[in-house]
Structures are given as structure tokens and as C-alpha cells.
Amino acid sequence: MNAALYLIDTSALARFMRSDAEQHGWDQAAAAGLIATCPITELEFFYSARSAADRARGIEDVRLIFGWVPVDARAYDRASQVQEALTKQGKHRSAGAVDLVVAATAELQGLTLLH
């Protein structure tokens, strides 16, 4: 069973990995297993890796720090539903595909999204 309460997205992960996470107590929440990541967040985050070694170190760090939540087919369906609703309001460009899938994953897993 996953003890996580939060799902971290790419922008929050970037802030967390900088160094001021302890200032807000997020380091303690992560150490307690309350924050998880998901595959699509890792893919987006490590797009900016400077080298293969940098990517490998980063993935090792992320997987030691955070729990893991899978992205299943329901998340893609939910993301599509939300995108459709946003399109009807003319707001579909306010959230990219990755953001929609990560948010849907959080929703379906009952987690609060950290952005």
C-alpha cells in the first residue's frame, strides 16, 4: 500500500531538488513517504539532464527520496475528459498533456498534486 498523500509534478520536483525543501518541511514529508512521483514526471524532469551520468544520479536520488505511483490507462482517459471540458471553455491551452496526465493520476489515486 502506498502511504503517499501527495503527487509531485515536474515544477515542484525541480524546486524540491534545488535545496530549500527543508525550509518548507517538504524534506520531512518526503522522508516519511508522503510524497510520490510517477513515470511521466520523471521523463519530463530528466529531459533537462546534462549527461547520462547526471540523469543516472538524478534518477537514483529521486527514487530514494520519493514513493512511486504508476500511471494507468484511466489517467489518460481522465486527462482527455478534462482537456475536452477545457476546450469547450476555450481554455484547453492552459494545461499541457503531461500536466493533465499527472493531475489525473493524482485525482484517481486520491492524492494532492504538488505544483
Checklist entry - Residue check: is Phe66 more than 14 Å from Ala103 (Cα to Cα), in contact with a strand residue (DSSP E or B) (Cβ under 6 Å, 6 or more places away or on another chain) and of a type outside the set (Lys, Arg)? => result yes
Checklist outcome for this item: By residue number, the members of the stretch 18-43 that are modelled with pLDDT of 95 or more, touching a helix residue (DSSP H, G or I) at 6+ places or on another chain (Cβ under 9 Å) and not polar (S, T, N, Q) are Leu34, Ile35, Ala36, Cys38, Ile40, Glu42, Leu43
Checklist entry - Between a first residue in the stretch 9-30 that is farther than 23 Å from Ala97 by Cβ and small (Gly, Ala, Ser) and a second residue that is part of a helix (DSSP H, G or I) and modelled with pLDDT of 80 or more, which pairs have beta carbons less than 8 Å apart while being 6 or more apart in sequence or on different chains? => result Ala21/Arg15; Ala21/Asp27; Ala21/Ala30; Ala30/Phe16; Ala30/Ile65
Checklist entry - Taking Thr112 and the conditions (1) among the β-branched types (Val, Ile, Thr); (2) in contact with a strand residue (DSSP E or B) (Cβ under 9 Å, 6 or more places away or on another chain); (3) without any contact (Cβ under 8 Å) to a residue 60 or more places away in the chain, which numbered condition does it fall short on, given that it satisfies the others? => result (3)
Next on the checklist: Every residue in the stretch 24-61 that is part of a helix (DSSP H, G or I), under 22 Å from Glu107 (Cβ atoms) and of a type in the set (Val, Ile, Thr), please.
Outcome noted: Ile40, Thr41
Item to check | Hey, Asp77 of a type in the set (Asp, Glu) and surrounded by 13 or more Cβ atoms within 10 Å (Cβ to Cβ) or not | outcome: no
Item to check | Within the stretch 86-105, considering residues that are small (Gly, Ala, Ser) and assigned to a helix (DSSP H, G or I), the one surrounded by the fewest Cβ atoms within 10 Å (Cβ to Cβ) | outcome: Ser94
Checklist outcome for this item: Here the residues within the stretch 5-23 that are assigned to a helix (DSSP H, G or I), under 12 Å from the mean Cα position of the chain (by Cα) and either among the polar types (S, T, N, Q) or buried (at least 19 other Cβ atoms within 10 Å of the Cβ) (or both) are Thr10, Ser11, Ala12, Leu13, Phe16
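The values are calculated or read from the model by the stated rules, or taken from the named source; none is laboratory data. Since the structure is predicted, the reported quantities are computational estimates derived from the model, not experimental observations. Backbone-built Cβ (ideal geometry, glycine too); neighbour counts: all protein chains shown.
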